[in-house]
Every structure is written in C-alpha cells, then in structure tokens.
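Worksheet for the structure shown next.
The values are calculated or read from the model by the stated rules, or taken from the named source; none is laboratory data. Values in this document were obtained by computation on a predicted structure and should not be read as measured data. Note that each Cβ is placed from the backbone with ideal geometry, even for glycine, and that neighbours are counted across all protein chains shown. Keep in mind that these areas ignore ligands, DNA and RNA; they rest on the heavy atoms of the full protein, side chains included. Shrake-Rupley method; radii C 1.70, N 1.55, O 1.52, S 1.80 Å.
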Amino acid sequence: MLHSIPSRCCLLLLAIGACFSQLRAAEPAVKVIAVEPVATDFNPTPRLLKHWLPARFRVTLENRTIQAVRGSLAAEVHGHLDAIYPLARQAVELAPKEKRTIALAWHSPGPVVFEGMPMGPASAPGAAWGLELRAAWLDSAGKLIDQERTAFFIERDAKSCKTAATLAKSETLSARQAFQLRYSGYLDNSEFEAAAAPDDFKLVLKSAKVTRWQKGTSPAGCLTWLARLDAVSAPEAAQLTILKDHLRLTRAVLLDPPQVVEPKARRLWFRADQKQFTFQVPQTGRDAVLVLEFDRGHYVTPTPLTEMVAKAEKEFGPLPTMLKDRAGKPIGTATAWNEQRQPLQKTIRQSLGTALTTKSVPLDPMLVSEETVPAQAQLNGVSRSYVRRKVSIRVSATERMNVWLLVPPGIGPFPAVLAHHQTVPEGKDEPVGLGGAHYQLNYGPFLASRGFVVIAADSYGAGERLPPGATAYDTTRQEAQDPHWSMLGQRLHDHQRTLDYLLTLSFVDGKRIGALGHSLGGESTAMLAALDDRVAVIALSCPFTLLRTLPDAAGTYTTPGSSILSPSFRKLLQAPVGKRKLPFDFDDCMALWAPRPVFAHGVRDDLWPNAPQVAQAYQALRQVYQLHRADERLYVTYTGQTHCFPEWIQRDAFDWLEYWLKRD
C-alpha cells in the first residue's frame, strides 16, 4: 500500500504534465500581440483620421517557439457593415522567440458614382465613420493562426458624431468604447432622426418590442431604419414584409452594446421569399439596435406551385411518391430512406458512363493568370472589387482544364460556391461576367461581393473544354470511341475535380460549399449535388424535366453528335411514353438532395412540354424533407415566365446561400 503512493503521485504528475503540454500545443506558434494606430504630422490624433489622408498602423508579432517560422501578415479594414478594404499581404520570417513590429499604411477610398444604370445612378460611398483594422498571422499554408483588431474613425462634421470624435482621441479603448467607435455611424449619428413606425414595411417580432424607430442614411449610403429593442429574453423568429415594391431588404444586423464584457455586432442572415424576409433575433439586453438597410427592389407575383401541380396532374396524371424503395416497398423513416441513397447513387453513376470511372490523378494546379478586378457597374448592379484567377488543373492523366476562381477581399476562410453556366459556347466566362448570352447570369462577381469564393468551370463542349477541331457541345468523336461515354457524365467528373481543387485552398471553408446554376447550369448543380455530398447547399433554376414522360426524350437527351446521356441510353428513351424502363430519372436525383437546403426556381412556360411535372416532383420531394423533419430546407418558387433566371429571383437565391452557408 505504501509503495502505491509514489506511483499515484507519478501518475498525477504525468497527467498534469500532459495537460500543460496540451495547453502549450493549443497556443498559436505566432501571436499578434498588438495592433495600434500611429500618429503622423497630418493625423496627430492616431484614431481620428482626416478624410482621404493615409492612416498609419503598427502590428507587433511574437514567435513563441524555439524555431524559425515563416508565414504572412494579412490585414484588412472593415468599413460599414460588410465593406472590406484589404491591404497587401507581407511575407514574414520570424527567428526563434523573435518579437517584431511591422508598419502598415492604408489610404481610405472616396465615394464613387456609377452612371448609366438602368434604374438610375448607383454609388459606392467609400470609407466613412467608424472603422476597424484587423491584422492576422497566416501560416505558410495560408491558414489563419491568430488575429487582433483596433478601431478608428474618419473625421466628419463634429456635430453629427460628437461622442465618436471624443472616443477617437483616447489612446486606449475598452471593449465597449471600441464598439461604440466602430459602429458610430449607427449608434452616434445625429443624421438618424426619430420617426414613426414605418409604412414601407412591417416588422413582426414574436415577443420583443420596438421602443423607438429612427430613419436615415447609413454609412453604406442606403436607406436605413434603426429599431431600438426592448430586452429579448430568448432567441425568436422575426419576419419583415415589404409593403411597397420599390424596396428590398439587403442587410439586417443586431448591434448589442449593452453587453458589458464584449459588445456584439451580429449579422442576421435571412431567407427571402419575394417580399417576405425571415430571420432569427438572438437573445439580447435592453436597448440593442436592429439595423435594417434597404436597396431598390423589384417584384413579380409568383405562380403558385399548386397551380403548376394541378396543370401537370390534368395533363399527365399523378406522380408516384418518392417514399418507396427500389423494390416498391414504402419508406417510413429517415433511416430507411438513407439506406437507399448509396445504391441509387451507384446506379446513376453507372448509367452516366465511363467518364465517372476515370482514375483519379493529382490535381497539379498551375496559375495561368491573376488580376484584381475593381468595383464596377453592370447592368444588373454594382459588384465590388475581388481577385480573379485562372487556374489549370489536371482532370485525367492526359487532360488539363482551366477554371476561373474569384476571391473576395478579406482574410477568410470563406464559404464557396460552384457557379455553373447555361448552354452558351463561352462556358465558364458567363458566370464570372466575361461573356455569355444574358447579362443576368453573371452572378459570380455579385457572389464574390457577398464574401464567397466562386469557382467556375467549363461544361464539356464549352469554352476551353473542347476537343481539337470540335464545335461547341460536339460529342461525335467521343461517341464513336466509346458508346458508354456521356457528356453529362464527363461534365460531372470535371465538376467533381473542380470541387476537389476548391477543397485544397486554405482560404476556403470546406464544410460550407454551395452550388448554383440555371438551365444547363441548373442540371449540373442538380446532378453534382445528387452524387456528391460535399455540396452542402443547392440553388438552381429550370434544371431539367422528367425523361419517362418527355415525348421526344431520345431526340432531346441523346441526339447523335451532341448526346447529353450516353448513346446506350438512346434505345431506352425511344420506347413510347409509359413503357420506358429507365435505370433512373431526374426526380431520383432530386430525392438525393435531401435533407440539404435547396432553393429551386421554375417558370410557368419552360422548354419542355412535360415541364409542369417537375412541379409535381418538387411536391413529392417535400414529403422526403418532411420525413427528415427538414421542411424549411426546401424552398420552391415559380414565376410566370419562359426559360430564365430573373435578377430578383437570383437575389433571393444569393440570400438563401448566405443564410445556410454563413450562419453559425
């Protein structure tokens, strides 16, 4: 018994030592110790900058290891609620235990007005009011290790921001003071005037009450309402309904200065349904400020899904339930449904031909070009600055493929979206705004403006993904060489390689990947999401129709020389409607999306005569989502138009991607 006491002490000491080792391991190798504004002759008060004069800062780094460390210092200025102004990154090598101070300079951008827009001039207000410099240490792989921040202020009329101007003269700031300075454009702006409850929109809160309304122009340069809230005792849903067609909600942010230890600014991501916007208000103390920023809006009354379903049932009869297994037995639980997924995915892969069985090879990425794209006006809005890269990746042992990569300003890691193009010869150039048939489908720059990394690849047969001497979407050579090859299978293989590359990037959050597309791009999005669970959120428009009831399915999907499905599929599709025995149909692919979030847009008059049956399929799909208790994750909207992806629906789709990919 006496001998056991030292043994127990040794075990205890070993355990304590292990705990300290874990704590040391958890500490970052390099710490950002301080981020401080610096006084200059033209800015004698460090935190109080004069308009359009450069700001100076110093950042102190400390290597806490006994080895030399290489990495980079990344810095960015955060302006109004989501404006980011990046500074050039600096490569740094720190000696063992070295502490180093690095100087930074930043020139605040002025306002820019873009003329010639269809709805009138648009403006970017530039940097103003309270701002924040964030400095971060990134390791040699580009991974964020540590960061610090400091608040400062661009001087304005002293009458409109008296408290902020006083705070800016302080050498040190408490967390609460830094928060008040950072968000002074909302909390200390006399340009916001007291107002009666708005008549442009209606805000419905479950239990919280608005104690005071204010109205004015925010630092973002847009119409803004401030709602001072009574205490919110528990998180609750809020719904904002637009009452006048000229407005659209663009941002909802909760500023919570009553927090004593750490005041918070929380972006409230919302789901949009035309004029209705739904978001969650977190628990907060009394006098928190709900910031609601608006932009110009445009709405068209949607076509009810029930109307589309009734039309389809009248013409084609009811659609079978998706809640049956391959043997026709009912499925009653989510577990039983999930057991069907892998066999169904395997069947679809086999049916799409040999391209999906290509042996994987190293990506071997190579940078082809890189440029910074400035903020610019486009027919459907103003996009902010971002970096555009063309990268070559290997898709097989003998083939390479170029992709576009749009990187937003900021340190990251960012959520990402695969942006798929429609049937245009320009291919991937269209979604990044460099070409294509419709300006409305240049959604890449707008997604980058919202803080997404965007990647766009050519579908096989488009852009640079063409065999030598072939015309757009010509599959003659491949069909002759392999009757089991399909353009859709090759397209999906290429898109999966694109996704593989995306997940190698240190500034991409691999768990927050979305996919978006219209028409051919919608089909690409739908099929990729069906076969690859790494796609977390789906947004698509007019993707396809059902093969088993499409009158000329063989002519549409297996045309010789431009065959979407493999030529071996042709005989199956040539059978009369009602007698086709297919290994899969597109509604099987839809079922594989569940329970991931899906935004689906369709039109009343689409390209295919049996297109209304897709509405039936969406209705059947809802049963699958209800089985998973995920009803809110499926959103379907129809508009009374022909084959298109309208700009106002795109904005709802972007909001959907933000809601599901950016929420904590």
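Summary table below
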| read-out | value |
| --- | --- |
| Qualifying position, being of a type outside the set (Val, Ile, Thr) and crowded, with 16+ Cβ neighbours inside 10 Å, among Pro362, Pro302 | Pro302 |
| Criterion violated by Pro467 - all others in (1) part of a loop (DSSP other than H, G, I, E, B); (2) closer than 18 Å to Ser396 by Cβ; (3) at pLDDT 90 or above satisfied | (3) |
| Subset of the stretch 32-64 that is assigned to a strand (DSSP E or B) and of a type in the set (S, T, N, Q) - its residue that is least open to solvent (accessible area, probe 1.4 Å) | Asn63 |
| Selection within the stretch 174-190 - buried (at least 16 other Cβ atoms within 10 Å of the Cβ), assigned to a loop (DSSP other than H, G, I, E, B) and without any contact (Cβ under 8 Å) to a residue 60 or more places away in the chain | Asp188 |
| Those residues of the stretch 114-145 which are open to solvent by 50 Å² or more (accessible area, probe 1.4 Å) and either of a type in the set (Asp, Glu) or more than 29 Å from Lys162 (Cβ to Cβ) (or both), in sequence order | Glu115, Gly116, Pro118, Met119, Pro121, Ser140, Ala141, Lys143, Leu144, Ile145 |
| Filter result (under 18 Å from Gln239 (Cα atoms), part of a loop (DSSP other than H, G, I, E, B) and basic (Lys, Arg)) within the stretch 270-313 | Lys275 |
| Complete set of residues in the stretch 488-522 that are open to solvent by less than 10 Å² (accessible area, probe 1.4 Å) and over 18 Å from the mean Cα position of the chain (by Cα) | Leu488, Gly489, Arg491, Leu492, Asp494 |
| Those residues of the stretch 81-113 which are crowded, with 18+ Cβ neighbours inside 10 Å, hydrophobic (A, V, I, L, M, F, W, C) and part of a loop (DSSP other than H, G, I, E, B), in sequence order | Leu81, Ala83, Leu87 |
| Matching entry among Phe279, Phe270, Phe294 (being in contact with a helix residue (DSSP H, G or I) (Cβ under 7 Å, 6 or more places away or on another chain) and buried (at least 16 other Cβ atoms within 10 Å of the Cβ)) | Phe270 |
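Residue-by-condition table, conditions (1) within 18 Å of Glu430 (Cα to Cα); (2) modelled with pLDDT of 90 or more; (3) among the polar types (S, T, N, Q):
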residue	(1), (2), (3)
Lys324	no, no, no
Pro330	no, yes, no
Ala334	no, yes, no
Gln342	no, yes, yes
Leu367	no, yes, no
Tyr386	yes, yes, no
Val391	yes, yes, no
Val395	no, yes, no
Glu399	no, yes, no
